[in-house]
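Q: Below: one structure in C-alpha cells.
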Amino acid sequence: MQIRSRSVLRLAPAKITMPKLILAPMQGLTDAPMRDLLTRIGGYDECVSEFVRITHTVHSRVTWLRHVPEIARQNRTPSGIPCTTQLLGSDADMMAKNALAAVRFGVQSIDLNFGCPAPTVNKHQGGAILLREPERIRQIVHELRFRLPEHINLTAKMRLGFENTDLAVANAQAIAAGGASQITVHARTKTQGYEPPAHWHWLKTIRERVAIPVIANGDVFTLDDYLAIRQTSGCDDVMIGRGAVMRPDLARQIKQHLRGEPVQAAAFNAEIMDWIRLFFDLCLAHEPQGKYAVARLKQWLGMMKKAYPEAAQLFAAVRTLREASEIQCVLQDFQAA
C-alpha cells in the first residue's frame, strides 16, 4: 500500500505591530523646519502639519505648499516620515472643496482640527468652539468623507470639550459616525488650556465608546509619561506635542524602550547642540531674511530650558541678539558649562 505524505501547513509567524508615535500639529511650533528636524532625529512614525485655515476661498497650490511643503515630497518629510495635512474651519462645503483641491495637488491624508483653543480661531467658529455642537461636527466630517475619494485617509483631532467634558463622548461618536478612520484626543477642555494635569482617564472612556482607534495625547514629556498614558488610557498609539519640542529625542528614547534596547538620552554639548545648529540653518533656508530663524530659535530654547539647564545658558547668550549672523557665531562656539 502506497503511503502518501501529508502536506504540512506552515503558518507565518504573527506580525508584531509596534505602537505608533505621532508628532502633534502645534501652530507656530511644529512648523516645517521643526517637523524636518524632529523626524530626522527619529522615533516618529507620522507627523501632522500645522492647520491650514479654511474660510471663503479655495487655496492655490502655492498656498498648500507654503503651509505643507511635504506635499511636494509625496507627503513625507525629508527623512521620509509621512505627513498628514490638517484643515481647520467650520463651513462643511468650503472644507470639502479645499480638501478636494489639496488632493488634486497630491495630499493623501487629511486631519480635521476640532481642538485649537486660540481665541481668534474660536471667535470665527473654528477649532474647539465646535465641540459645543456634536451634530455640526458630524456633518463636517460626513461631508468631507462623502466627497473625498475612498483612498484618502480622513482623521480628526479633538479636546474633551469647550467649557466642560459633558459632550466628550458625543463629540467622539460624532466624528466616528461622520466617517473618520481615527480620533486623536487631547485630554483637556479648551478652558483648561495646557494647565496640568491632562485627564488621561477620559481617553479610556472615549476609547470604549467608539468603534475607531483613539490616539492618546496630552502631557507626554518623558518616557515614564508615555508608559503612564498608555496604561491609563489603554490606547496603543500616542501623539506627542510640547514634550517633543522640549526634549527633541523623546520619541527616539521611547522607541529604544519599545525595542528592548538601552535608552540613551542625547547629550546637550554633543547631539543636541548639533540639532540646534541644524534647526537654525533649516529656518534660514525656510525664510532667508533671518528674523524668522532668530525668533524660532529663541522660542525653542525657551521651551527647552524646562528640560535642559544648558538651554538656559544658551538662551541667555542669544537673548539680546537680533541678527542671524550674530547668533550663528554664538552657536558655532557654544559649550555649556
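The values are calculated or read from the model by the stated rules, or taken from the named source; none is laboratory data. Because the structure is a prediction, the values reported are computed rather than measured. Every residue, glycine as well, gets a Cβ built from its backbone with ideal geometry; the counts of neighbours run over all protein chains shown. When the accessible area is computed, the model is the full protein with side chains, heavy atoms only, and any ligands, DNA or RNA have been set aside. Shrake-Rupley method; radii C 1.70, N 1.55, O 1.52, S 1.80 Å.
Q: Among the residues of the range 242-261, is there at least one that is open to solvent by less than 70 Å² (accessible area, probe 1.4 Å), closer than 19 Å to S49 by Cα and free of Cβ contacts under 8 Å to residues at least 40 places away in the same chain?
A: Yes: one or more hits.
Q: Scanning for something buried (at least 19 other Cβ atoms within 10 Å of the Cβ), of a type in the set (D, E, K, R) and not in a strand (DSSP E or B), does the range 68-79 turn up at least one residue?
A: The answer is yes, given that some residue of the range 68-79 is buried (at least 19 other Cβ atoms within 10 Å of the Cβ), of a type in the set (D, E, K, R) and not in a strand (DSSP E or B).
Yes or no, residue by residue, for (1) in contact with a strand residue (DSSP E or B) (Cβ under 7 Å, 6 or more places away or on another chain); (2) of a type in the set (S, T, N, Q); (3) free of Cβ contacts under 8 Å to residues at least 60 places away in the same chain; (4) at negative phi:
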position: K291; (1), (2), (3), (4): no, no, yes, yes
position: V294; (1), (2), (3), (4): no, no, yes, yes
position: L297; (1), (2), (3), (4): no, no, yes, yes
position: L301; (1), (2), (3), (4): no, no, yes, yes
position: K306; (1), (2), (3), (4): no, no, no, yes
position: A316; (1), (2), (3), (4): no, no, yes, yes
position: T320; (1), (2), (3), (4): no, yes, yes, yes
position: A324; (1), (2), (3), (4): no, no, yes, yes
position: I327; (1), (2), (3), (4): no, no, yes, yes
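Condition check ((1) modelled with pLDDT of 95 or more; (2) part of a helix (DSSP H, G or I)) across all residues:
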residue	(1), (2)
R10	no, no
P13	no, no
I16	no, no
R35	yes, yes
H59	yes, no
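Q: Any chance you could count how many residues in the range 68-90 are in contact with a Lys or Arg (Cβ under 9 Å, 6 or more places away or on another chain) and either more than 18 Å from G178 (Cβ to Cβ) or of a type in the set (D, E, K, R) (or both)?
A: Total satisfying the criteria: 9.
Q: So, in the range 16-43, how many residues would count as being touching a helix residue (DSSP H, G or I) at 6+ places or on another chain (Cβ under 8 Å), open to solvent by less than 10 Å² (accessible area, probe 1.4 Å) and under 28 Å from L227 (Cβ atoms)?
A: Count: 8.
Q: Right, here's the next one. For the condition modelled with pLDDT under 95, within 27 Å of A293 (Cβ to Cβ), buried (at least 18 other Cβ atoms within 10 Å of the Cβ) and not β-branched (V, I, T), what is the one hit in C116, C83?
A: C116
Q: Which condition number in (1) open to solvent by 30 Å² or more (accessible area, probe 1.4 Å); (2) under 26 Å from A177 (Cβ atoms); (3) touching a strand residue (DSSP E or B) at 6+ places or on another chain (Cβ under 8 Å); (4) not hydrophobic (A, V, I, L, M, F, W, C) is the one that N217 fails?
A: Going through (1) open to solvent by 30 Å² or more (accessible area, probe 1.4 Å); (2) under 26 Å from A177 (Cβ atoms); (3) touching a strand residue (DSSP E or B) at 6+ places or on another chain (Cβ under 8 Å); (4) not hydrophobic (A, V, I, L, M, F, W, C) one by one, N217 breaks only (1).
Q: Continuing with this model, one more query. Yes or no: the range 115-127 includes at least one residue that is among the β-branched types (V, I, T), touching a residue at least 24 places away in the same chain (Cβ under 8 Å) and out of contact with any strand residue (DSSP E or B) (no Cβ under 6 Å at 6 or more places or on another chain).
A: For the range 115-127, residues among the β-branched types (V, I, T), touching a residue at least 24 places away in the same chain (Cβ under 8 Å) and out of contact with any strand residue (DSSP E or B) (no Cβ under 6 Å at 6 or more places or on another chain): present.
Q: Mind telling me which of the residues R147, R159 ends up being open to solvent by less than 20 Å² (accessible area, probe 1.4 Å) and among the basic types (K, R)?
A: Only one candidate passes the filter, namely R159.
Q: Those residues that are open to solvent by 50 Å² or more (accessible area, probe 1.4 Å), out of contact with any Asp or Glu (no Cβ under 8 Å at 6 or more places or on another chain), more than 19 Å from D111 (Cβ to Cβ) and touching a residue at least 12 places away in the same chain (Cβ under 8 Å), I need them from the range 162-191; list them, please.
A: E163, N164, L167
Q: If T232 meets every condition in (1) farther than 18 Å from I41 by Cα; (2) touching a strand residue (DSSP E or B) at 6+ places or on another chain (Cβ under 9 Å); (3) open to solvent by less than 10 Å² (accessible area, probe 1.4 Å); (4) not charged (D, E, K, R) apart from one, which number is that one?
A: (3)
Q: I need the full set of residues from the range 94-110 which are under 13 Å from T155 (Cβ atoms) and open to solvent by 10 Å² or more (accessible area, probe 1.4 Å), in order please.
A: Q108, S109
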